[in-house]
Structures are given as C-alpha cells and as structure tokens.
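Report on the structure given below.
What follows draws every value from the coordinates through simple rules; no lab data is involved. Treat the numbers as computed from the prediction; the structure is a model and nothing was measured. Note: ideal-geometry Cβ built from the backbone for every residue, glycine included; neighbour counts use all protein chains shown.
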Number of protein chains: 2
Amino acid sequence: MHPLIRSFGFLFSPMLLALLSGAMAVSAPPSCEQWGVFEVELEGPATGNPFLGVELSATFSHDDQSITAAGFYDGDGVYRVRFSPPSQGKWKYRSASNAVELDGKSGEFEATAPGAGNHGPVEVAHEFHFAYADGSPYKPIGTTCYAWTSQPESLQRQTLKTLSESPFNKLRMCVFPKRYTWNQNDPSLYAFEGTPPNQWDFSRYNPKFFQHLEKQIVELAKQGVQADLILLHPYDDGRWGFDRMSDDADDRYLRYVVSRLAAYRNVWWSLANEWDFMKHKQESDWDRMIQVVSDADPYRRLTSIHNGYILYNHNNPLLTHASIQNGSAAEEAGRAVLYRDAYRKPIVLDEVKYEGDIPLRWGNLSAEEMVHRFWEGTVAGCYVTHGECYLSDDDVLWWAKGGVLKGESPARIAFLRDVLLGSPASGLNPIDKWQAPNICGKPAEYYLVYFGTSQPKTWEFSLPRHELEDGMTFKAEVLDTWNMTTTPVDGEFHAKSHSQYEFKDAEGRSIDLPGKPYIALRITRADHE
Amino acid sequence: MHPLIRSFGFLFSPMLLALLSGAMAVSAPPSCEQWGVFEVELEGPATGNPFLGVELSATFSHDDQSITAAGFYDGDGVYRVRFSPPSQGKWKYRSASNAVELDGKSGEFEATAPGAGNHGPVEVAHEFHFAYADGSPYKPIGTTCYAWTSQPESLQRQTLKTLSESPFNKLRMCVFPKRYTWNQNDPSLYAFEGTPPNQWDFSRYNPKFFQHLEKQIVELAKQGVQADLILLHPYDDGRWGFDRMSDDADDRYLRYVVSRLAAYRNVWWSLANEWDFMKHKQESDWDRMIQVVSDADPYRRLTSIHNGYILYNHNNPLLTHASIQNGSAAEEAGRAVLYRDAYRKPIVLDEVKYEGDIPLRWGNLSAEEMVHRFWEGTVAGCYVTHGECYLSDDDVLWWAKGGVLKGESPARIAFLRDVLLGSPASGLNPIDKWQAPNICGKPAEYYLVYFGTSQPKTWEFSLPRHELEDGMTFKAEVLDTWNMTTTPVDGEFHAKSHSQYEFKDAEGRSIDLPGKPYIALRITRADHE
C-alpha cells in the first residue's frame, strides 16, 4: 500500500511499508495541512469481530502538545487512526493496540500552513459567538436536511449544488435514515451489518456507510459548510431500531463515529434531535452519552443536544452551545435573549419552525415570517437556523431530503448574512438587554435596530448609554430586510447624553423610515476607523 | 432555669436541670408541635470565643428518622440547639460537643399535631409549584421590604400591621442593613460584635441582633408570611463591610445563621440579592456558599440566589427554585415561560420592577403595569413578587423600609390571590406553552385566558387540545383584573374537536368581552366535580 492523499488536502494517509514494520525509514516525511486530516493506515486482524476485540489508538506529539486519538476498523483488515493537527510543525506519532500487528507503529509528518479556505474548526468565541480556530469570525447561517445522505446519489449531488448556491454555512443532518411523513424511502446503505429493515448486528459497523458519510462531510467542508451531525434521533419508530439500541450499543456506536469523524474540522456533534421524543431513553442516558462523546473526542468539537418539548440542561459544561427548538423564542427578540441569560453560551435556535406549506404548524411559516425570525434572533444576540417544507409530489422536502430550495427566504437570509459579515467580529449582543430588545450591536461602534412587524415612519435617534460619550459621531443606513435594499441616511448623528439611560442626537434628529414592516437600521461609528 | 414556651407554640425549650445533669428524669415529657421549634438549652463555656471554639450539635431520632442539627452560642454562657420535628410522635435527642458540659445531654419530647395555621414548611411541589408540608397548596404572593428589620421598632410594628392587612404571603428581607438611596439610616443592632460603622469582629456574633431577627420571623410566621431571607447583599458599599467579608467569615456567618434559623418553618434562604453586583466575590464563592448553607441545613429549606444583571445557574441542584430579577420577563407570558423550560423548577420573578414614582426605571411602574405583570407571570406558570417605591419626605419607601403601602396594586393582587386560591392545587401551567402563551391552567379542568393590554370585544371559545374530549362541558367567567369583578357568562360550552391543535365550542359560540384592557377569562369544567 502507498500513501494516500485525498482531495483538497483534507485527508492524508502515510501507509508505508516502513511504517508497518515499525521502523521510521521515511526520508522526506509526509505532510498535512494544519487542521487537515492526517491518517495512519495499518493492517491488522481481520478475523473474529475486529470492531469489538481490537483496541487501537495513536498518540501524536509536537513540542509540548500530545494528543491521543482512537483508531477504528475500516473493514478488510484495514485499521485507521485519524488526526487533525491543531498546530503547524513536525508531529510524531506512535500507535498502541492490544493487537501486536497494530502496536508501537510510529512515524512523523509535517503539519503545514492551512490552504485557502481552511480556517480550522469552529469554536466558541466571545461567550455567545463563534470563530474559526484561525481567529476569523464564523456566523452560523444554518439550514436543515435531516436525511439527505440517505437519499439517492443524484439527489445528494443536487443538494450539494443547491447548498453551494445558498447562503447557508451549517447543515443539520442525521447519521441515521429517517422514517416520518414524507420520508418513507429506505436508504441504500446502513450503519450496521445486517439485513433491513431491522435485523442488525449492532457490534459490527458497515464501513461503506461511513465512508460515504465521510465523503459527504468532506464535500460540505469544501463548500465551507459545517456538518451539524445528529447522532441519534427518534424518527425511526422501530422500523430499523436505531432509536432503541442498548446502552452498550449506543456507547460503542458513538465511540466509533467519533473515532472516524472527529478529525474532520467541520464536524459538530448534535447528540440528538428531539432527545425527549426518544422514549426508550432516560435523561440520564443523555448525560452518559454526552460524556462518552466528550471523552472520545480529543478536539472537543462543538457539542449540543436538541430538544423536542423539554429542553436539556444546556448548562452542562460539556455542551458548547445551546441548540434549541422553540419557534416562539424567535417571534420577538425579548424572548430569545432570556436563553443567553440562562445558559451564557452561544444560542443557536436550530428550529424556529420552517418556511413551507405543510398542514403541521411547525412547517408552514411564510417566507416573510422565516426571515423575520432570523432578524429577531439576530438582534437578540442569537443565531437562527432555516428549514423548508413545501409539499411536493415527489415527497422531496428540503427539510428532510434536500434537493432544491423553493422558498423566498434564502435570498433574504443571504442579505442578512452579508450584514453579519460586515458586523463586528466579536459578535452582536443586546446593548440594554431587558429594556431595548430590538437593538443589538457593539456599544459605541455598531448597532442594528430592527422594527419587525411594526412599520414606523420615523425613528428618533436614541441609543442605550453604554460606552457612549458626548460628541461621538454616527452614520445610519436603512435596511429593508425583505426587499434587500440598503439606503444611506443623509448626514451624521452626534451623540449627546439625554438621560441616565440613553443618548440622543445633539440636534434631536430623527430618521425617516419607509413605513413598511421588516425594516432595520444600521448605525455605525463615523469618527474613527 | 425552666422550660420556656414562646408564643404560638412556635418555640419550646426544655431547659431542665435533670437534662443538664445528663439524666432523663422527665416523667411527663415536654411537647412541641410538628413543624414547630423544639429548643434544647444548655449551659456551657462562656470564656474565650465560644462562637469559634465550641462545637455543638444534637441528633434527634424518631422511629427510623434521625436528624442532626447544629447548635449555636447565644451569649451569657447559654447554648441552644433548635429542631423542627418533621413528624409526630416521640423524639429522642442526644447532644455532641467538644465541650464536656455540652456533650452527651439527652432527652425526649412529644411532637404533637400541628395547631391551627401550622401547615409546615413550604416545599416544591408538582415541579413548578409549591405546597406546604401538610399537602395544602401554597401560592407565593410576595412583596419586598429589604431592610425592614433594621428600622425603628415603631416602623417595624407598622410594617407587620400593613402586611397583616395585605395579600402578601412572602417577604423578601435582608439579614443585614441596607445603604442605598433612600436608605441612609444606621440600624440600632448589628449582627457582629464591634463598633459601627465598620469595626467588627466577624468571629463574634451579637445574640441580641439575631434574637430580634428571630422574633420578627416568628411574627411573620404568625401571619402566614414566608421570610425569604437574603443572607448577603451588595447595598453596603463598604460602610459596614458586610459585603466584603473573607471566605471564612462568610461561611461561618452562614452556618451561624442557619443554626439559629433553619428550624423556623417559614424561613427560605436567598443567598444574595443581586449576587453579581457584589464585586468582592467570584461566582465560585457563590457555588461554595450555596453548598455551605445546604450542608448546614438539615431540612433543606427552600434555597435560591437572586441576580442583578447576570443570572446564576439555577440548574444547580441545591437551588430549589429560580429567584429571578428581570422586568421584561413579566411583560408578556411568552417570555417567562422560557425560564420554566430552562430550569424545570418553580420560577419566582422576584423583581419585575416596582410600582412607584422614583426616577429610576426599575421603580416607577404604574399600578396597572404592576398588576399586569403579576397576571402575565401567572399565565406563564410562574410567580411574581411585588415591590413599591413611592417617593416620600420621610424616605420610608416600602421596598426598603416597610411602613404603609400607598399603591393601588395590592388590592388587585389580592383579587389575583383569590383567583389562585380557587385554582387547582397542583398549580397553573401553560397548556400549549410555545403556541398560546396567554392560556394557562390544568387541561380539561381549569383555564385562565388573559388578554393583557389588548382589549377584544369578543373571544371565540377555543382551547388547546390537550386532554380534551368531545362533549366536555365548561362554564366561563369574565374577570376584570383591574376593577376586580367576576361576571359569569350565560350558558355552557361544549368542547368539540376543531383541528389537530384545538377544540372549539360545538355550536361555535364566542364570549362577549368588555373591550377594555386587563381582562381575563376563567373557564372551568362543568360536567364533573
């Protein structure tokens, strides 16, 4: 076997005979981008049940950093350990295994500068926000295609194409297939060995299934899309039984997934969708499984658990952010901000109901309301996720299967994305959180004022006092969030203390507004750069 | 010395010579009401610093129950161990101490049936609500007089009289005095030995201070008022220094307070008011102090910690309920309900701004708005606390000092209290929490629909589907929450399934409303008792 370099420098595999013999006979060591995937490929036992009986890991070392990653069996006698180097320079590694063929294999590689488009994994930044590991801001603009990787190949290609032309940079997606209204088709690959619908050996995985999943995760990475990977979900209803595995099978499955995927920098762990709808599990099972994933993941990728009706305790320190379903929370900014107070973590409103026309009340928002909820969530200092449920003769609804987007919200969400890209890197926060829920920004620098469904004709220039000083100068633009227009307001505004709570314009100026719904103001500091 | 029985059977002290000798020579054992206070009074060392050097506790046993309560030094060589028997019958006790005079003292007493008005301590019930230990419901209708026990005696008497004529059954009150606008007077008693304003020996307490505090807590108990006792607060600003004691002094103080007061059944622990405004403490200090109180209190009285701007993590399992300051949360029910989701505990909105006319924005709600917030909080399945800040030449503002109530909200809050007293004992909960935030109740039995500031002329009979069946019969009453009137609606309503989400009246009937703000409907089941 030979070193294997996969597309986009995303995966590099130094499968060398020298390595297999345990020697370090590599004269020019292989290389891998920082935050890329370096893969150690080894041959080992193929008899018995290698998924159960063989333990494998490798420890990667660089200067004073040392990271141990679990390996996994990939079928046909092939074992792999994947590693994503968090810093540049020479890394050495050495494997450990209870199988002699896999134990003590060592080598080294060079972690090189990241290539174009590689900003590293997304991490929590500034308490309520996110950033790439290289420091560049990441503003989640998510969408939802739960079972897209379980659809026919042509549909998957179409989904990827649609995503590439969309504003979305995060995708909520399930590992397992989905059984639900408008989702009755079986997939062609399953995660376990066995016979569909429900004769499985939960101790033996299907490498082809995971290889395919990985391929699609890499495709998302190429497009700059984070894979918000839902590890378990209730939309099975006993057809396949993936919603009711034993504790042991769940934990093993989670460790296997993490060992395969944790090195991919665009993977987020979502322990479950609607965890409380999985009636075969107790809440304590989720506590345990969150711990299993955390223990297994040497990178501590972003981790969440998504609710149905009962919110999980997002104050669990192993959860990096709160992934929340609650449509009402995005109806007005004064609600969503309470989640920030409760959890002091990034709040991702991952289901606020979907644009569409299905009879179920969670799937028939107008496009206007979908966009409105994005803005309400944004001014509350939170992030909102899109979904789309338009009825279709072929039962291909974006929310579950992907395909094409039919709604009118994505274009407007792209407009919001552009606004966010021009906003402070440290994130938008409510300025006076319990008093002026429609104003967010960064004090004395940048403000968004969102008027929602009200349609004022004028707005008196007035900002919460925080960090303002008399004489600070601002310019303003009127944003029509639905019609996607940006109209500069003539002149400048000079802050002047008006009360112990607010500053107004020194000349008492107001701003004319179009008297339509869904209008926002962007107010930015004009007297410094 | 002789047995001491304090007023209202609240405190009983079997200080017998026989007991002092360690013998059990009592022929007719003393008695104490269940949930009353039984006090073991002992003589011990009066030299050195008994507060620091002498350890004392007693273990009380009844059948298979065994409870150890810490004792405390009460000055003049007198030590006490207070105990509140949670069940009736014969209790035996035995003391333990590092002082030989206090060690191994034993005795017994009979815990008798509780007297009139003694329902035991308040506990959490039905996840989001409260009940007395005897099972009778307790619906908190709180108010706030932070420093009332630090005022002149005549004013304290007036406060108690006002409370006795008010709807309030919970009082937020501080142990320490308060230094703040409209609160500049020094108290006559301090918790520590020393010289005011700030020369204290934090290792020596002032028994007279605590005896007075206990007397007022007993007075509140007689009136059925829970003492929501704020153990630490930031309104000191260094004048006395009670806001910046050392960790050791804080922990000792907390243990001393708990040893003196935990046996009083109407005591709740509020670790702090506006904990995050106490800049000399870290958040981890609060974690520690909550643990100290919990460890010291054998009854685990209701325990909370109240925020300024940053909410403490109310998911801490040692906290029994969330005591929250956030006026905006009570502006509309769709907000407050999110706290229930986040904490899954009773939510007490202990500061939603106050009725009054001071210039600060947290102290000038209209009476209408104060009452409105009580109703919004109520239909969200939470509890709201009152406060009043009317300017006064004598600087006696109810919110801080007590005195008399001047506002118009208490009478309307009494109307709400009466509504609550007639509502299901298990509490009012949102029925369809993220869809119909203005409807609470108990499905298929009892509903409150609150229209807030909107003023509809009619309301189509429509209820969330939960537990409803075709043909169930309801009657309705129109409640004018401001004018305190209850008007029955003619006829009955017969539930009929209308959609997958709601039931309407079988004949499509609507209810006429007065077209005024602050109107509610009470809808109750008519076809069963």
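Values for this structure:
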read-out: Distant-in-sequence amide H partners of B:I230 (H built 1.01 Å from N, under 5 Å); value: B:M173, B:C174, B:V175, B:S270
read-out: Kirkwood Rh in Å, taken over segment B:122-421 so that all alpha-carbon pairs contribute; value: 19.1
read-out: Long-range amide H partners of B:H321 with built H, under 5 Å; value: B:T303
read-out: Separation of alpha-carbon centers, segment B:462-502 and segment B:292-365, rounded to whole Å; value: 32
read-out: Point-charge dipole on Cβ atoms (K/R +1, D/E -1) for the protein assembly as shown, about Cα centre, debye to 20; value: 280
read-out: Cβ-Cβ FRET estimate between B:E477 and A:H498, R0 fixed at 45 Å, reported to 0.05; value: 0.45
read-out: Farthest positive-ward along the protein assembly as shown dipole, Cα basis, beta-carbon charges - from A:Y205, B:V40, A:V396; value: B:V40
read-out: Segments A:40-49, B:108-117 sorted - mean Cβ within 10 Å per residue, highest first; value: A:40-49, B:108-117
read-out: Cross-link pairs beyond the 25 Å C-alpha cut-off, checked among A:K178/A:K279; A:K406/A:K433; A:K345/B:K345; A:K208/A:K279; A:K170/A:K281; value: A:K406/A:K433; A:K208/A:K279; A:K170/A:K281
read-out: For residues of B:428-434, the mean tally of beta carbons on other chains within 10 Å; value: 2
read-out: Unit charges at the beta carbon, dipole of segment A:122-421: most positive-side option, A:L416, A:S164, A:Y264; value: A:Y264
read-out: Positive minus negative residues near B:Y146 (Lys, Arg vs Asp, Glu; Cβ under 10 Å); value: +3
read-out: DSSP bridge pairs, chain A: antiparallel proportion in percent, nearest 5; value: 70
read-out: Highest to lowest packing among B:496-502, A:408-414, scored as the average C-beta count within 10 Å; value: A:408-414, B:496-502
read-out: Average partner coverage of B:328-338, which counts Cβ from other chains inside 10 Å; value: 5
read-out: Distance violations [Cα-Cα > 20 Å] among B:K442/B:K475; A:K139/A:K442; A:K353/B:K504; value: A:K353/B:K504
read-out: Share antiparallel - DSSP beta bridges, the protein assembly as shown, percent rounded to 5; value: 70
read-out: Dipole in debye (nearest 20) - chain B, about Cα centre, beta carbon charges: Lys, Arg +1; Asp, Glu -1; value: 300
read-out: Radius, Kirkwood style, for chain A when every pair of distinct Cα atoms is counted (Å); value: 24.6
read-out: Dipole of the protein assembly as shown, positive direction: furthest Cα of A:Y312, B:N315, A:P298, with charges on the beta-carbon; value: A:P298
read-out: Förster radius 56 Å - calculated FRET efficiency between B:L52 and A:D432 (Cβ-Cβ, nearest 0.05); value: 0.75
read-out: Inter-copy label distances at A:E445 (7 Å, Cα→Cβ; nm, one decimal); value: 5.4
read-out: Enclosed volume per residue, in Å³, of the convex hull spanned by Cα atoms of segment B:97-241; value: 182
read-out: Hull volume in cubic angstrom per residue (convex hull over the Cα atoms of segment B:232-280); value: 79
read-out: Ranked by how many other beta carbons lie within 10 Å on average, peptides B:148-156, A:454-462, B:435-443 from highest; value: B:435-443, B:148-156, A:454-462
read-out: Per-residue [θ]222 nm for chain B (sum of -39500 (n - 2.57) over DSSP H runs n ≥ 4, rounded to 500); value: -6000 deg cm²/dmol
read-out: Point-charge dipole on Cβ atoms (K/R +1, D/E -1) for segment B:64-116, about Cα centre, debye to 20; value: 120
read-out: Charge tally in the Cβ shell below 10 Å around A:R301, where Lys, Arg are +1 and Asp, Glu are -1, A:R301 excluded; value: 0
read-out: All-pairs Cα distance distribution in segment A:443-525, expressed in whole percent, bin size 10 Å; value: 19, 52, 27, 2
read-out: Square roots of five times the Cα gyration tensor eigenvalues for the protein assembly as shown, Å; value: 54, 38, 31
read-out: Neighbourhood charge, 9 Å Cβ-Cβ cut-off, centred on A:N438 and excluding it, Lys, Arg +1 and Asp, Glu -1; value: -2
